[in-house]
Amino acid sequence: MRTSDASGSEGITDALRTLILTGELAPGERIRQEELAERFETSRMPVRVALKQLEAEELVLLRPNAGAWVSSIDHEDFVQTYQLREVLEPFAIRASLPKLTDEHRERIHELAAATAEVTGRLDVVEEFTRRDREFHLATFAGVREESLYERVVQLWNKTQRYRRITVPRFTNADNVATHADHQLISYYIDHNDAESLGEVLRLHIRRTRILGEASIEALGEG
């Protein structure tokens, strides 16, 4: 796994973030620094720096003199994170819209179609979450070089562990609504309707939050 980048703290941060977002490191799982240092063929110092960065992104929990864990499933955190998304992302997509190029718009349509292919298929949930993420982040391409985009991505990273719980519980109606929302987002982008675009995205996120709350509550009761 060692490369010129991967052995440094930035490369380790990226690699660990990927392990968390893909579920290879599960919510609540202990992260052992010595094992990571061995895995990346490095000392513990770059590992500690990487863990501090991921703690700042709220993907990792560090406890003094105890160790590190992948952040766990938490109902209050889920609600607050999605409520932040309901405010931030409509603002971000409205700011992105006038800066989208023809290439950006073509890519958005490609990703919407690719996501539709796997929507509602329980055998490819991980693929759906990946394509869905790519589609939504593509709509913010107009602000990709701005700190606003980084904030959006950070919230998406936080919600990744929740989406693995929520998506498999979608009903057929939920999947139909998801597909319809994606079509509306694409439609309003094509027609440069910033107000409607922001509103449909807000409602899209809100609906997912409501579904997710029920899923997480059911998980806690189980």
>> Name the residue that is modelled with the highest pLDDT, counting only residues in segment 155-174 that are surrounded by 15 or more Cβ atoms within 10 Å (Cβ to Cβ) and either aromatic (Phe, Trp, Tyr) or farther than 16 Å from GLY212 by Cβ (or both).
In response: TRP156
> For ILE31, which of the numbered conditions (1) among the hydrophobic types (A, V, I, L, M, F, W, C); (2) under 23 Å from ARG151 (Cα atoms); (3) open to solvent by less than 60 Å² (accessible area, probe 1.4 Å) fails to hold?
Replying inline: (2)
> Quick one: in segment 175-209, which of the residues that are free of Cβ contacts under 8 Å to residues at least 60 places away in the same chain and among the β-branched types (Val, Ile, Thr) is surrounded by the fewest Cβ atoms within 10 Å (Cβ to Cβ)?
Replying inline: VAL176
>> So ALA66 ticks every box in (1) open to solvent by less than 40 Å² (accessible area, probe 1.4 Å); (2) at pLDDT below 90 but one. Which box is left unticked?
In response: (1)
> What single numbered condition from (1) part of a helix (DSSP H, G or I); (2) over 15 Å from LEU197 (Cβ atoms) fails to hold for LEU62?
Replying inline: (1)
> For segment 124-153, what are the residues that are surrounded by 17 or more Cβ atoms within 10 Å (Cβ to Cβ), within 21 Å of ASP77 (Cβ to Cβ) and at pLDDT 95 or above?
Replying inline: ASP132, ARG133, HIS136, VAL152
> Out of (1) crowded, with 17+ Cβ neighbours inside 10 Å; (2) touching a Ser or Thr at 6+ places or on another chain (Cβ under 8 Å); (3) farther than 23 Å from THR178 by Cα; (4) at pLDDT 90 or above, what's the single condition that is false for PHE78?
Replying inline: (3)
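Conditions tested, residue by residue: (1) out of contact with any Gly (no Cβ under 9 Å at 6 or more places or on another chain); (2) modelled with pLDDT under 95; (3) in a helix (DSSP H, G or I); (4) not polar (S, T, N, Q).
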| site | (1), (2), (3), (4) |
| --- | --- |
| GLU38 | yes, yes, yes, yes |
| PRO46 | no, yes, yes, yes |
| ILE73 | no, yes, no, yes |
| TYR82 | no, no, yes, yes |
| ARG85 | yes, no, yes, yes |
| GLU89 | no, no, yes, yes |
| ALA95 | no, no, yes, yes |
| GLU110 | yes, no, yes, yes |
> Can you name the residue in segment 97-115 that is small (Gly, Ala, Ser) and within 21 Å of GLN160 (Cβ to Cβ) and, of all such residues, is surrounded by the most Cβ atoms within 10 Å (Cβ to Cβ)?
Replying inline: ALA112
> Out of (1) assigned to a loop (DSSP other than H, G, I, E, B); (2) loosely packed, with under 14 Cβ neighbours inside 10 Å, what's the single condition that is false for GLY120?
Replying inline: (2)
>> With the requirement that a residue be basic (Lys, Arg), in contact with a helix residue (DSSP H, G or I) (Cβ under 7 Å, 6 or more places away or on another chain) and without any contact (Cβ under 8 Å) to a residue 40 or more places away in the chain, what does segment 122-162 give you?
In response: ARG131, ARG133
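Collect the residues in segment 68-102 that are under 29 Å from PRO27 (Cα atoms), among the aliphatic types (A, V, I, L, M) and under 17 Å from the mean Cα position of the chain (by Cα), keeping them in residue-number order. Explain how you work it out, then say what you get.
Taking segment 68-102 as the starting set, the residues that turn out to be under 29 Å from PRO27 (Cα atoms) are 68-90, 92.
Filter once more, keeping what is among the aliphatic types (A, V, I, L, M): 68, 70, 73, 79, 84, 87-88, 92.
Once the filter is applied, which keeps residues that are under 29 Å from PRO27 (Cα atoms), among the aliphatic types (A, V, I, L, M) and under 17 Å from the mean Cα position of the chain (by Cα), segment 68-102 yields VAL70, ILE73, VAL79, LEU84, VAL87, LEU88, ALA92.
The values are calculated or read from the model by the stated rules, or taken from the named source; none is laboratory data. All values derive from a computational prediction rather than experimental measurement. Every residue, glycine as well, gets a Cβ built from its backbone with ideal geometry; the counts of neighbours run over all protein chains shown. Each accessible area value is taken on the protein alone, full model and side chains, heavy atoms only, with ligands, DNA and RNA left out. Shrake-Rupley method; radii C 1.70, N 1.55, O 1.52, S 1.80 Å.
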